[in-house]
Every structure is written in C-alpha cells, then in structure tokens.
Amino acid sequence: MSPRNKYMKTDERKAATVDTVVKLAAEGNPSEITTTEIAKKMGVTQGALFKHFPTKEAIVQAVIEWVADMLLSRIDKAARSASSPLAAIEAMFYAHIDFVTEHPGAPRMLMGQLQRSKVTAPKKMATALMEFYRGRIQDQLDLGKIEDEVSKDLDSEAAATLMVGMIQGLVIQSLMINDVTRIRLEAPKVFSVYKRGIESRHD
C-alpha cells in the first residue's frame, strides 16, 4: 500500500473507490466486480475499503449517485448554454454522448442495476435518474412547442423516452463490438433523424 493510499481522507477514499469501480465496469461485467478486486486495484486492503463502505451495495449506491450527479449536471449545463429549446435538446444529447464515451463504465453500471429483478437502493436511484432525465427532455420539448420549434402535435413524453432509448441503443451497440468510440461516429446520424421527427415544419 502506498503512503498516499494509506493516508487518504474519507471523502478522497470514497471518491477513489467510485472512480475505481467505474473503471472496472468499463472492462467487464459490473455484477462480477468483487470487493477484493476493487481493493487490489486501489492498492488497499478490504478492511480499509469497508471502513468507508459497510457493504458492496453501499459502494454500488455511491457509484450510481455519482453517475446521476455527473450526468444531470452535464445535461443541465448544456441546456443552459443553448440558445433555444431545440438547441438545448441537441446539446443535452451530445453532453450525454460525451459523458458515456469518457466514462464507459457508467452506463454499464446503470443498465446492470435497471436489469435487476430485486428492488434495491441502487436500482431505485438508477430508476429515478432515468425519470429525472426524461422529465428534463420533456420540459425542453414542451418549451419548443411554445416557441414553434417543435411540432405541436408531438407526444413529448414519448419523444423524451425515444431520446433516452436512442442513447441506450448506441451504448449497447458499442458494447457489442467493444468500441465505445463508435458512439461518437453514429450519434450525429441518429440525432439528425430524431430532429427531423420532432421539429416544427414551416413549409
């Protein structure tokens, strides 16, 4: 164990643990990550790890919380910097794409929790994140209707769900070929089709 790892403060240790799990999730199945593997990757003992997290589920919960905070922060920042609702939707889409490509373990962790049949605290957090995210997209779509950028006949709820689904689809396809950079290549084409489907027609 390095001196740095030995004397890390509680917040630093927790942040380092979350970072380690996200990186491990990018390399394999999140459900197969063990506390032994996490501790080894961090260069600490399992005892040191459990000093800050009483259970493995507590670690997973911290990771999902980090993913939720980071993703929502990014899409909110992207929306605020946009000049219009339609531009905000596009900015949110690419902010999500950037987050996924920078942290490929994050969507693996989310999908792993959403697929669980048992209701756990991490699964509840992952589900809540998806609901908050869809709500933010739907809000922008409704604003777009008011400003005549988005078709007034559009089902905003369904369109918000579709946008989330597009990103999930891109993620799954990238995982199938083990190439997360593929997402950046496909994203512009996918969003172009989506945009044509939601925008208001003025001809």
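FYI, it's all coordinate maths here, none of it is from the lab. Predicted model only: the values in this text are computed from it and were never measured. Virtual Cβ from ideal backbone geometry, glycine too; neighbours counted across all protein chains shown.
Going by how many other beta carbons lie within 10 Å of each one, how would you line up Val60, Val164, Val171, fewest first? Working shown, then result.
Working: Val60 26, Val164 15, Val171 23.
Final ranking by Cβ density, sparse to dense: Val164, Val171, Val60.
Under 14 Å from the Cβ of Lys23, count the other residues' Cβ atoms, weight Lys and Arg +1, Asp and Glu -1, and hand me the total. Kindly include the intermediate steps, with their values, before the conclusion.
On the way: positive: Lys40, Lys41, Arg108; negative: Asp19, Glu27, Glu37, Glu102.
Taking every Cβ under 14 Å from that of Lys23, the sum is -1.
Counting alpha carbon pairs within less than 8 Å and at least 6 residues apart, what relative contact order, in whole percent, applies to the range 57-198? Intermediate results must be reported in sequence, preceding the final value.
Working: 118 pairs, mean separation 36.8, N = 142.
Relative contact order here is 26 percent.
Please list, in order along the range 169-177, the HN-Hα scalar couplings obtained from phi with the Karplus expression 6.51 cos²θ - 1.76 cosθ + 1.60 (θ = phi - 60°), rounded to whole Hz, x for Gly and Pro.
Calculated HN-Hα couplings, in order: x, 5, 5, 4, 5, 5, 5, 5, 9 Hz.
For labels at Thr36 and Lys23 in the simple 7 Å Cα→Cβ model, what's the distance in nm?
Result: 2.1 nm between the two label points.
Debye sum, Cα scatterers, the range 127-202, no solvent: what log₁₀ I/I(0) at q = 0.26 1/Å?
-1.15
Report the gain in length on full extension from Leu114 to Asn178: 0.36 nm times residue separation, minus Cα-Cα distance, nm rounded to one decimal. Don't jump to the answer; show the numbers that get you there.
Values: separation 64, 0.36 × 64 = 23.04 nm, distance 2.09 nm.
That pair, Leu114 and Asn178, stretches by 21.0 nm at full extension.
Between Val190, Val18, His103, whose Cα lies farthest towards the positive end of the dipole of the chain when Lys and Arg beta carbons carry +1 and Asp and Glu beta carbons carry -1, centred on the Cα centre?
Val18
If you take every residue apart from Lys189 with its C-beta less than 14 Å away from the C-beta of Lys189, what net charge results, scoring Lys and Arg +1 and Asp and Glu -1? Kindly include the intermediate steps, with their values, before the conclusion.
Details: positive: Arg182, Arg184, Lys195, Arg196; negative: Glu90, Glu186.
Result for the local shell: +2.
Quick check: net charge around Ile146, other residues with Cβ under 13 Å of its Cβ, Lys/Arg +1 and Asp/Glu -1? Display every interim value, and only then the final one.
On the way: positive: Lys145, Lys152; negative: Asp139, Asp142, Glu147, Asp148, Glu149.
Local charge sum for Ile146: -3.
Once you have the Kirkwood Rh of the range 21-130 from its Cα pairs, apply Stokes-Einstein at 25 °C and 0.890 mPa s and quote D in µm²/s. Don't skip to the answer; put the middle values down first.
On the way: Rh = 15.0 Å.
Stokes-Einstein gives a translational diffusion coefficient of 163 µm²/s.
Taking only C-alpha pairs under 8 Å that are 6+ residues apart, what is the relative contact order of the range 140-203 in percent?
Numbers: 34 pairs, mean separation 27.1, N = 64.
Reported relative contact order: 42 percent.
Hey, how much of the P(r) for the range 83-134 falls beyond 18 Å, as a percent of Cα pairs? Before the final figure, lay out the partial values.
Numbers: 579 of 1326 pairs.
Value for the range 83-134 (Cα pairs over 18 Å): 44 percent.
What Rg and what Dmax come out for the range 57-198 when only alpha-carbon atoms are used, in angstroms?
Taking only Cα atoms of the range 57-198, I get Rg and Dmax of 15.1, 46 Å.
Cut-off is 10 Å between beta-carbons; in what order do Arg184, Arg80 appear when sorted fewest neighbours first?
Details: Arg184 15, Arg80 9.
Ranked by crowding around the Cβ, least crowded first: Arg80, Arg184.
How large is the dipole of the chain about the Cα centre if only Lys and Arg carry +1 and Asp and Glu carry -1, each at its Cβ, rounded to the nearest 20 debye?
Details: 28 positive and 26 negative charges, 214 e Å.
I would put it at about 1040 debye.
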